Every structure is written in structure tokens, then in C-alpha cells.
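Novice: Got a structure here, written out as C-alpha cells. Questions coming.
The values are calculated or read from the model by the stated rules, or taken from the named source; none is laboratory data. Just so it is clear, the structure is predicted and the values come from calculations on it, not from any experiment. With ideal geometry, Cβ positions are generated from the backbone for all residues, glycine too; neighbour counts draw on all protein chains shown. Only protein heavy atoms, including side chains, enter the accessible area calculation; ligands, DNA and RNA are left aside. Shrake-Rupley method; radii C 1.70, N 1.55, O 1.52, S 1.80 Å.
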Amino acid sequence: MADHDPAQPVATIVVHLPGARGLAERAQERFGRDEVVVGADDPRARDAEIMVAFGRDRESLERAMTPALKWVHAFSTGVDGFPFDVVGDRIFTCSRGAGAIPISEWVLAMMLSQAKRLPESWITEPPPRWNAAQLDVLAGKTVGIIGLGEIGTAVARRALAFEMEVVAFRRQAIPASIAEVEVLTSLPELLGRSDHIVIAAPATPATHHMIDAAALAACKPSAHLVNIARGSLVDQDALIEALDSGQLSAASLDTVTPEPLPDGHPLYSHPKVKLSAHISWGDPTSIDRTLDIFAANVARYRAGEPLTGVVDTVAGY
């Protein structure tokens, strides 16, 4: 943590991460044990102005919300399921963008896997024909990105490096931060133009099942769907039907609903589905990067500057 003005009072930080003791200890190492308290039961937590928390346990969060708290930070990127009403009128931020690099790399890996027929093109015995394969390329293909936040923008940047055409869906015609990205306000238009469709929008009531039977009917039959957002954005029954009927070529899913899927769920064994256990965010520096985002905001908070990653509790993200 950067040095601060000793004349200014130091705001105690409450790390409220039940079941994640290792993360709490990393926060203590980062900010100093005199500044960070772990858990709302510590007497010093009563005077804390800042709390870092997960939103999984409403009851424990309610107990942790003291009158002194001015700012609540969600350690996670997604805040669906976080009890916004418990936060009240306090400042509320999240770790937006922390996983943009590894998640966008995972997306590109899935698109390359689809184009290059991996892993099914590996061989363990002599094939019927040598020097012959029906592979594809990313160059010249169109990727449609639903949700152009930090993750969607990171996907766009990497897709452009592969000479892909990039279109992105936004409900309002707000230009992208990357000039080469074309913004569309029509989801059916994006779906109809895209060879690879990347879902990177937040989970809110407005985005629930936004990829439903009607949306899937607008896709090219050759299209490949990639979901790194939340499973709730996709009607999974409609997805399976589209894959079975040939309306959609393939799906790469890092997020599903529920998580974990029950044993025997058809997505585990579907021949057109690549399924992973919500791991696309993972890399050796993910926790440090998340703490970096929070530490930079602590510096802004103490300087009286606007914070990044502020959550609109009405919109839900």
C-alpha cells in the first residue's frame, strides 16, 4: 500500500470473507495487520469505514453492516446474488475487470479450439488420410460480443489481433473504446452476423434468458456460442434443442445454471458442447490483481477521488 498522509486518519478495513481465510490473510499482508481486521466480530470492526466482502451469506452481511461503514467492496467481479438492500446507501464497488485477461484468453482458446477441431484432431493411430483435415481460421470471421465491459473489450482486442471482424451488442448506441469495434443495438442482427458469439454481459433481470429459442433461431447454423458470463443468460433447454436440431454448431460453456450441474445433466456429455467448471478467470496472479484493484480504490477513497467499479444497484451491475 502506498504511503499516506500521517495527519489523515487511517480507515480500518474489515475483510469479511467467510470460508476464504487465505484471501483475508493476503489482504492483511497487503495493507498491514494493524489496518486490516478479519471478520465483523473483531471489536475494531465497529469503527471500520471500508469492508471487503463476498455476497453469499445475507445473514452474516447484515450483522457486519455497522453504522460506521461508508464503502462496501465486493471481492468478486459479478455481483448477481449480492443483497443490494443490505448495502443500503453506502458506496458499493466490485472487482470489475480483474479477470479480463485470463477470461479473454480462454475465449480465444475456445474459438481456436472450434476452428482447429481441438482436441478431436489429435491422433493416436494412423488416420485414414494424411495431410488432410477440415479445419477453419479465425481471420475474416465475425465475433459478436454481448456486453462490452472490461471482459468484452479484452476479447475484442485479442480478436482484432487475429484479424477478425468484431461487432458488439449494446442496448444504447454508445461507441466502443476501440475504434475497430462496430456497436449494434439489435441483438438479432448481431446473432445473424456472428460466426462466434461471446456472452460477456452481467446477470440481471433484464438479461435473464436473453439467449432463448428466438435468439438462437437468429443465429447462423454454423455459429459457435461461448458463455463466460452467467448461466442464467442462456435458456439451456433451448440451447440443447438448437444444438440437436443443427440450428447451432457448438457451444463452449464456462458458466451454467445451476453450478454445479447435477450428475447426469445432458450438457456433460453433449457432443457439441465443451464444458468447464467456471474456471476461465483462473491464473496465478488473479488474487494479486484483484487486490491491486481494491488497493487503487483505497488510495482514491483517501484522496477523496471517485472510485472505479461502482455498482449501480438499480441496474444490478
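Novice: Suppose the filter is modelled with pLDDT under 95, within 26 Å of Leu108 (Cβ to Cβ), polar (S, T, N, Q) and surrounded by 13 or more Cβ atoms within 10 Å (Cβ to Cβ); does Thr313 pass it?
Specialist: So Thr313 does not fit the description; no.
Novice: Now, a different point. Can you go through Ala277, Ala315 and tell me which one is closer than 30 Å to Gln114 by Cα, under 17 Å from the mean Cα position of the chain (by Cα) and in a loop (DSSP other than H, G, I, E, B)?
Specialist: One residue alone meets the criteria, Ala277.
Yes/no matrix, rows are residues, columns are (1) at pLDDT 75 or above; (2) open to solvent by less than 40 Å² (accessible area, probe 1.4 Å); (3) over 23 Å from Val311 (Cβ atoms):
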residue	(1), (2), (3)
Val15	yes, yes, no
Glu25	yes, no, yes
Arg30	yes, no, no
Val36	yes, yes, no
Ile50	yes, yes, no
Phe54	yes, yes, no
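Novice: If you go through segment 103-125 one residue at a time, do you hit one that is within 15 Å of the chain's Cα centre (by Cα) and open to solvent by 90 Å² or more (accessible area, probe 1.4 Å)?
Specialist: Scanning segment 103-125, I find at least one residue that is within 15 Å of the chain's Cα centre (by Cα) and open to solvent by 90 Å² or more (accessible area, probe 1.4 Å), so the answer is yes.
Novice: Continuing with this model, one more query. When you check Leu248 against the structure, is it out of contact with any Phe, Trp or Tyr (no Cβ under 9 Å at 6 or more places or on another chain), free of Cβ contacts under 8 Å to residues at least 40 places away in the same chain and not in a strand (DSSP E or B), yes or no?
Specialist: Judged against the criteria, Leu248 is a match.
So that you can scan it fast, the table gives a plain yes or no per residue for (1) in contact with a helix residue (DSSP H, G or I) (Cβ under 6 Å, 6 or more places away or on another chain); (2) under 23 Å from Met111 (Cβ atoms); (3) of a type in the set (S, T, N, Q):
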{"site": "Lys272", "(1), (2), (3)": "yes, yes, no"}
{"site": "Ser276", "(1), (2), (3)": "no, yes, yes"}
{"site": "Thr285", "(1), (2), (3)": "no, no, yes"}
{"site": "Arg289", "(1), (2), (3)": "no, no, no"}
{"site": "Ala295", "(1), (2), (3)": "no, no, no"}
{"site": "Arg300", "(1), (2), (3)": "no, no, no"}
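Novice: On to the next question. Enumerate the pairs (first residue in segment 27-48 and part of a loop (DSSP other than H, G, I, E, B); second residue anywhere and surrounded by fewer than 17 Cβ atoms within 10 Å (Cβ to Cβ) and among the charged types (D, E, K, R)) with beta-carbon separation below 7 Å, excluding pairs fewer than 6 apart on the same chain, so at least 6 apart or on different chains.
Specialist: What qualifies is Ala40/Arg63.
Novice: What number of residues within segment 220-238 are of a type outside the set (A, V, I, L, M) and in contact (Cβ under 8 Å) with a residue 40 or more places away in the chain?
Specialist: 3
Novice: Scan segment 282-291 and give yes if some residue there is part of a loop (DSSP other than H, G, I, E, B), closer than 22 Å to Leu243 by Cβ and either β-branched (Val, Ile, Thr) or within 16 Å of the chain's Cα centre (by Cα) (or both), otherwise no.
Specialist: No.
Novice: Regarding segment 166-178, can at least one residue be identified that is in a helix (DSSP H, G or I) and at pLDDT 95 or above?
Specialist: There is no residue in segment 166-178 that is in a helix (DSSP H, G or I) and at pLDDT 95 or above.
Novice: Filter segment 218-241 down to the residues that are farther than 26 Å from Asp80 by Cα and open to solvent by 30 Å² or more (accessible area, probe 1.4 Å) and list them by number.
Specialist: Across segment 218-241, the qualifying residues are Ala218, Lys220, Pro221, Ser222, Glu241.
Novice: Taking the stated definitions as given, is Gly140 under 20 Å from Leu191 (Cα atoms), surrounded by fewer than 15 Cβ atoms within 10 Å (Cβ to Cβ), within 28 Å of the chain's Cα centre (by Cα) and touching a residue at least 12 places away in the same chain (Cβ under 8 Å)?
Specialist: yes
Novice: Report, by residue number, each residue of segment 251-270 that is part of a helix (DSSP H, G or I), open to solvent by 60 Å² or more (accessible area, probe 1.4 Å) and touching a helix residue (DSSP H, G or I) at 6+ places or on another chain (Cβ under 9 Å).
Specialist: Pro266
Novice: So which residues in segment 86-98 are touching a residue at least 40 places away in the same chain (Cβ under 8 Å) and open to solvent by 10 Å² or more (accessible area, probe 1.4 Å)?
Specialist: Listed by number, the residues that qualify are Ile91, Arg96, Gly97.
Novice: Could I ask something else about it? Which of the numbered conditions does Asp244 fail, given that it passes all the others? Conditions: (1) open to solvent by 70 Å² or more (accessible area, probe 1.4 Å); (2) touching a Pro at 6+ places or on another chain (Cβ under 8 Å).
Specialist: Asp244 satisfies every listed condition except (2).
Novice: Ala229 passes all but one of (1) under 23 Å from Val143 (Cα atoms); (2) assigned to a loop (DSSP other than H, G, I, E, B); (3) more than 14 Å from the chain's Cα centre (by Cα); which number fails?
Specialist: Condition (3) is where Ala229 drops out.
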